[in-house]
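One structure is given below, encoded as structure tokens.
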Amino acid sequence: MQKSIVQKKFVFKNYSHENFNLSEQQITDAVLTPTILAFLEKLHKQFNPQRKKLLQDRFTLAKKIDSGFIPQFPNETAYIRNSNWKVADCPADLSKRKVEITGPAEAKMIVNALNSGADVFMADLEDALSPTWENVVAGHYSLMLAADKNLTFNGGKGKAYSLNQTIATLLVRPRGLHLEEKNIEFDSEPMSASLFDFGLNFILTAKTKIKHASGPYYYLPKMESYLEAQWWNEVFEWAQAELEIPKGTIRATVLIETCLAALQMDEILYSLKDHMAGLNAGRWDYIFSFIKKFKNNRKFIFPDRQQVTMNLSFMKAYCELLVKTCHSRGAHAIGGMAAFIPNRNEPDVTAKAIEQIKADKKREALLGFDGTWVAHPDLIAIARTEFDAVLGQADNQKHKQLSIQITPEQILDTHVPEGKVTENGVRTNINVSLLYIDRWLSGTGAAALYNLMEDAATAEISRSEIWQWLKFNVALSDGRPFTPALYHELKTQELAKIKDQFTTQYLDKASEILDQLVLTNEFPEFLTTHSYKDLT
């Protein structure tokens, strides 16, 4: 049994006992039994040392890139790219993925998303969930009930939520390899959040999902190399053996949301081929990854984030390579997020945004994607219409084979024609960063701000662009250099706007954290790891 374990005592702020008809201690006891803790301990001891080695490999490569190294397709894996192989056949309930909705693993969201009419719901324990211990435990408990199709939620004021007869296929996104769960320790070492989220969800739901003719399906985030995919494959094989379920029962969709992973798509598919379901174009983190990985290279200075669109050459090359690679190997290619939140009080804004979403989803369907992501139920029918227009009654278009050749140079050429850094762009990044950090510290990981669903990925773009513009002392479109003094001036003004327009709880702390993130010579790798110590 575990040598030591710390379970933080907490009070449910967002989930009163009436919501689940159980006390918070009963909920904790249901998901962290002695048997489950023993399973998690074995998982941690078996795989955490290699996880830490993979993180060290990330650091070593980052230092090489800082010194001018430009990544390419790996030479040592040319045989994988040049040989014929396929991933495992797709399970029936993952064949059709035209529209996927995503959101935090919170009970109300889970019920509404599974009932939404989407083909797939990705319940997020990562970017869209602020990892308070309360949120994490309640999320896992809700996912356990949802797997058995008996999740209900009392929202108060006479509002009760329960699952329909027909629901979306449930996928779960655990936290990334870089994150730890500070509330669970073995031998005084915090548990990997990846292993905690995967292991806990797996042991709680795998056999239940199999009983319902589905399976334990996951989205894997923040991957940077095929060696990390190999690690996940070993985790899957070990977990299946422990529960005595067949190899290949687990299926994973990998988010290609780092520029390094984009150069290793074949290898990632191959490493997980017995458990592979597809790749997803995680475009917001993807943009962020260029700033992070090439932080010392002026060639990778980005303009206002609104100017970095999917029509740019490097983003088009990324999508084309993803579709080509997936379809040549028999895997699904899933498109990017439509983060817009319709606003009935702003019909003109909503109408314009919906036209842009239609064009974006049409572009994805015509390019060859098999499905796409949306953040709001009102966008499901819009996205489905565009995919049905191209795919018809077919579940997917894996038969569409792209014959184009994409080079590493195309992937890494991030030039934005006529790109500009404007005062408005700086203000937007400051404002959104402050508001998102405030919401995250308050326990909300997906925040509707200015008609967009902001999560950790979009916040990462905002704060990393500020850091980059300060580092290189970029000139704004009006000729002024962007300096720390100008940053403080604009931040003071944006803080006043926020205080006038929004109710906040941790705005002063958010301001302090943003300064720490952008006024430093060393780039903080992740907003979430930097700020985790401040999360109660």
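Quick check: is even one residue across the range 146-164 of a type in the set (K, R), in contact (Cβ under 8 Å) with a residue 40 or more places away in the chain, in the same structural domain as D127 (by TED's automatic domain parsing) and out of contact with any Phe, Trp or Tyr (no Cβ under 9 Å at 6 or more places or on another chain)? Yes: one or more hits.
Among the listed residues R384, R363, which satisfies the condition of being farther than 24 Å from R173 by Cβ, assigned to a helix (DSSP H, G or I) and in contact with a Gly (Cβ under 9 Å, 6 or more places away or on another chain)?
On the way: R384 fails: farther than 24 Å from R173 by Cβ.
Of the residues listed, the single one that is farther than 24 Å from R173 by Cβ, assigned to a helix (DSSP H, G or I) and in contact with a Gly (Cβ under 9 Å, 6 or more places away or on another chain) is R363.
Could you please find all residues in the range 241-256 being buried (at least 23 other Cβ atoms within 10 Å of the Cβ) and hydroxyl-bearing (S, T, Y)? Within the range 241-256, just T253 meets the criteria. Taking the range 257-268 as the range and being farther than 18 Å from Q405 by Cβ, surrounded by 24 or more Cβ atoms within 10 Å (Cβ to Cβ) and hydrophobic (A, V, I, L, M, F, W, C) as the test, the residues that pass are C259, A261, I268. If the condition is being under 22 Å from K324 (Cβ atoms), touching a residue at least 12 places away in the same chain (Cβ under 8 Å) and surrounded by 14 or more Cβ atoms within 10 Å (Cβ to Cβ), then the range 384-401 contributes E386, F387, V390, L391, D395, N396, Q397, K398, K400.
Screening A128 on (1) free of Cβ contacts under 8 Å to residues at least 40 places away in the same chain; (2) in a loop (DSSP other than H, G, I, E, B); (3) buried (at least 21 other Cβ atoms within 10 Å of the Cβ) shows it passes everything except condition (1). Figure legend. Inter-residue proximity from the range 360-382: first residues β-branched (V, I, T), second residues surrounded by fewer than 24 Cβ atoms within 10 Å (Cβ to Cβ) and part of a loop (DSSP other than H, G, I, E, B), beta-carbon distance below 7 Å, spacing 6+ or different chains. Indicated pairs: I380/S116; I380/G117. Candidates in the range 234-287 are the residues that are of a type in the set (K, R) and within 25 Å of K98 (Cα to Cα); of these, the one that is nearest to the chain's Cα centre (by Cα) is R283. With the structure loaded, tell me whether K400 is over 22 Å from the mean Cα position of the chain (by Cα) and under 30 Å from K497 (Cα atoms) or whether it fails that test. No, not satisfied.
With a requirement of 2 or more residues that are at pLDDT below 95, in the same structural domain as H376 (by TED's automatic domain parsing) and of a type in the set (G, A, S), none of the helices (runs of 4 or more DSSP H) lying completely within the range 447-524 satisfies it.
Of all residues in the range 387-437, those satisfying the criterion of being assigned to a helix (DSSP H, G or I) and among the β-branched types (V, I, T) are V390, I411, V426, T428, I430, V432, I437. Applying the condition of being hydroxyl-bearing (S, T, Y) and over 20 Å from L54 (Cα atoms) to the range 180-211 and asking which residue is modelled with the lowest pLDDT yields S188. Counting only residues that are touching a Lys or Arg at 6+ places or on another chain (Cβ under 9 Å) and of a type in the set (G, A, S), the range 435-456 holds 4 of them. Residue check: is A394 hydrophobic (A, V, I, L, M, F, W, C) and over 22 Å from P221 (Cβ atoms)? Answer is yes for this residue.
Of everything in the range 383-403, what is hydrophobic (A, V, I, L, M, F, W, C) and touching a helix residue (DSSP H, G or I) at 6+ places or on another chain (Cβ under 6 Å)? Give them in sequence order.
Taking the range 383-403 first, the residues hydrophobic (A, V, I, L, M, F, W, C) are 383, 387, 389-391, 394, 402.
The answer is A383, F387, V390, L402.
The combined condition, being crowded, with 19+ Cβ neighbours inside 10 Å, in contact (Cβ under 8 Å) with a residue 24 or more places away in the chain, more than 15 Å from the chain's Cα centre (by Cα) and part of a strand (DSSP E or B), is fulfilled by L170. For K182, the criteria (1) within 28 Å of I210 (Cα to Cα); (2) among the charged types (D, E, K, R); (3) in a strand (DSSP E or B) hold in every case but one, which is (1). As a summary of the residue check, T102 satisfies the conditions (1) surrounded by 24 or more Cβ atoms within 10 Å (Cβ to Cβ); (2) in a loop (DSSP other than H, G, I, E, B) except for the one numbered (2). Out of the residues in the range 277-333 meeting the condition of being within 21 Å of L367 (Cβ to Cβ) and among the charged types (D, E, K, R), tell me which one is modelled with the lowest pLDDT. Looking at the filtered set, the residue picked out is R283. Restricting the first member to the range 450-468 and to residues that are closer than 16 Å to K491 by Cα, and the second to residues that are of a type in the set (D, E, K, R) and surrounded by 24 or more Cβ atoms within 10 Å (Cβ to Cβ), the beta-carbon pairs closer than 9 Å and six or more apart or on different chains are A459/D127; S462/E454.
Mind checking which residues of the range 161-190 are in contact with a strand residue (DSSP E or B) (Cβ under 9 Å, 6 or more places away or on another chain) and closer than 19 Å to S531 by Cβ? Across the range 161-190, the qualifying residues are R175, G176, L177, L179, E180, E181, K182, N183, P190. Tallying residues that are under 30 Å from L170 (Cβ atoms) and part of a loop (DSSP other than H, G, I, E, B) within the range 63-97 yields 10.
Taking the residues in the range 460-476 that are in contact with a strand residue (DSSP E or B) (Cβ under 9 Å, 6 or more places away or on another chain) and of a type in the set (A, V, I, L, M) as candidates, determine which candidate is surrounded by the fewest Cβ atoms within 10 Å (Cβ to Cβ). In this case the residue turns out to be A475. Scan the range 505-526 and tell me whether some residue there is touching a strand residue (DSSP E or B) at 6+ places or on another chain (Cβ under 9 Å) and surrounded by fewer than 17 Cβ atoms within 10 Å (Cβ to Cβ). There is no residue in the range 505-526 that is touching a strand residue (DSSP E or B) at 6+ places or on another chain (Cβ under 9 Å) and surrounded by fewer than 17 Cβ atoms within 10 Å (Cβ to Cβ). Residues considered: E76, E18. Of these, the only one that is at pLDDT below 95, loosely packed, with under 13 Cβ neighbours inside 10 Å and not polar (S, T, N, Q) is E18.
The values are calculated or read from the model by the stated rules, or taken from the named source; none is laboratory data. This is a predicted model, so every value here is computed, not measured. So basically every Cβ, Gly included, is an ideal-geometry build from the backbone, and we count neighbours across all protein chains shown.
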